[in-house]
1. Mind running the shape call on segment 87-129? Use the C-alpha gyration tensor, a ≥ b ≥ c as the square roots of the eigenvalues: rounded below 1.5 for a/c, prolate if a/b tops b/c, oblate otherwise.
2. Computing the accessible area with a 1.4 Å probe over protein heavy atoms, can you report the carbon and sulfur percentage for the chain?
3. With r defined as the distance between the Cβ atoms of Arg49 and Glu100 and R0 fixed at 25 Å, what FRET efficiency is calculated, to the nearest 0.05?
4. Write down the accessible area per residue of segment 47-167 in Å², having rolled a 1.4 Å probe over the full set of protein chains.
5. Given the whole protein assembly as supplied and a 1.4 Å probe, what does the accessible area of Ile129 come to in Å², nearest 10?
6. If I compute log10 I(q)/I(0) by the Debye sum over Cα atoms at q = 0.14, 0.19, 0.20 Å⁻¹ from the structure I just sent, which labelled value in (i) -0.91, -1.17, -1.22; (ii) -0.59, -1.13, -1.27; (iii) -0.72, -1.26, -1.37 lines up?
7. Mind jotting down the distance between the C-alpha centroids of segment 54-97 and segment 137-153, whole Å?
8. Based on DSSP H runs of at least 4 residues, each adding -39500 (n - 2.57), what is the mean residue ellipticity at 222 nm of the chain after dividing by all its residues, to the nearest 500 deg cm²/dmol?
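The values are calculated or read from the model by the stated rules, or taken from the named source; none is laboratory data. Computed from a prediction, not measured in an experiment: that's the story for all the values here. All Cβ positions, glycine included, derive from the backbone under ideal geometry; neighbour counts span all protein chains shown. Accessible surface is based on the protein model in full, side chains and every heavy atom, while ligands, DNA and RNA are left aside. Shrake-Rupley method; radii C 1.70, N 1.55, O 1.52, S 1.80 Å.
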Amino acid sequence: MSDMASMRTADPTDARLLKALVADARATAVALAERTGISRNTVQARLARWHQTGATRSFERTIDPGFLGYPLQAFVLTNVKQRLLDEVAHSLAEIPEVVEVHGLSGVADLLIQVVARDADDLYRIAGRILGIRGVKRTNTALVMRNLVDFRLSPLVDRLAAGEPAPL
């Protein structure tokens, strides 16, 4: 992903195009142009720019881990030795079941999302995380049910309607 400072903010034209992509993520540039009333060249240019700047993310986010044989999800709150943070992050990236890691402020340093085949597998993964040099303490929370899926459509809708973000 590119430097956030170099990334511009979406405009209403971007929002119209994003809404069309949310409705059909596999639509061609021609189909998107027809649906939105935006020229094909503009559609292609914006899609390319989004890809280059990191404004759009990986297709992987839409894959259900359960479909891959990992129905169990958990979040691991982790405290680390700050001077070893980069080393810890590198080690976490080497664990296939670690699907996302966020640096936090507050009671924990990292929020690690993991997937597992079952409880025994989760125990193994949690132990592997705890065994990383620089990890001081972990606290694992099992996801019991997903109440609100990842979504940005309400924000895209707001932008497409010309509404400014609330202050």
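1. Numbers: a/c = 2.16, a/b = 1.61, b/c = 1.34.
Taking the square roots of the gyration eigenvalues as a ≥ b ≥ c, segment 87-129 is prolate.
2. Working: 6380 of 11560 Å².
The computed percentage sits at 55.
3. So the FRET efficiency works out to roughly 0.50.
4. On the way: 8580 Å² over 121 residues.
That works out to 71 Å² for each residue.
5. Surface accessible to solvent at Ile129 totals approximately 0 Å².
6. Computed from these coordinates, log10 I(q)/I(0) by the Debye sum over Cα atoms at q = 0.14, 0.19, 0.20 Å⁻¹ corresponds to label (i).
7. If you average the Cα positions of each part, the centres end up 13 Å apart.
8. Working: 6 runs with 63 residues, N = 167.
Mean residue ellipticity, 222 nm, calculated: -11500 deg cm²/dmol.
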